[in-house]
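This report refers to the structure that appears directly beneath it.
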Amino acid sequence: MPKESKELSRIEILQKEQLVLAKERTILAFMQIGLTSIGVGVIIAKFFDDFIFRTIGYLLIIVGGLEAYESTRRLRKKQKEMEELKKELRVS
């Protein structure tokens, strides 16, 4: 019976690992959106001379930078979770 409980815990660890990987993919998509926002903001700010367009461009750069920063922070957190799950998997 203990072997089955050990296998069950191993399956649970693998399921958690799969969930963390899915969250990492989502975080990377948000990072991609942030970097795209920065690029679009630079293009708008550089090629349009109106005050409103420049303001929109600068806002896109700021928001994109914040999104990329937050995504990086969350990604590091998920990577630490993944390392902990790998350690648990080695132990079991």
Evaluate segment 50-68: report whether one residue or more is farther than 30 Å from R10 by Cβ and of a type in the set (D, E). yes
Single condition R25 does not satisfy, out of (1) over 18 Å from the mean Cα position of the chain (by Cα); (2) at pLDDT below 95: (1)
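Can you find a residue in segment 64-85 that is touching a Ser or Thr at 6+ places or on another chain (Cβ under 8 Å), on the phi < 0 side of the Ramachandran plot and at pLDDT 90 or above?
Step one: filter segment 64-85 for residues touching a Ser or Thr at 6+ places or on another chain (Cβ under 8 Å), giving 64, 67.
Imposing the further condition that a residue be on the phi < 0 side of the Ramachandran plot reduces the set to 64, 67.
With at pLDDT 90 or above added as a condition, the list becomes 64, 67.
Yes, that holds for at least one residue.
The values are calculated or read from the model by the stated rules, or taken from the named source; none is laboratory data. Quick caveat, the model's predicted, so the values are computed rather than measured. Cβ atoms come from the backbone with ideal geometry, glycine included; neighbour counts cover every protein chain shown.
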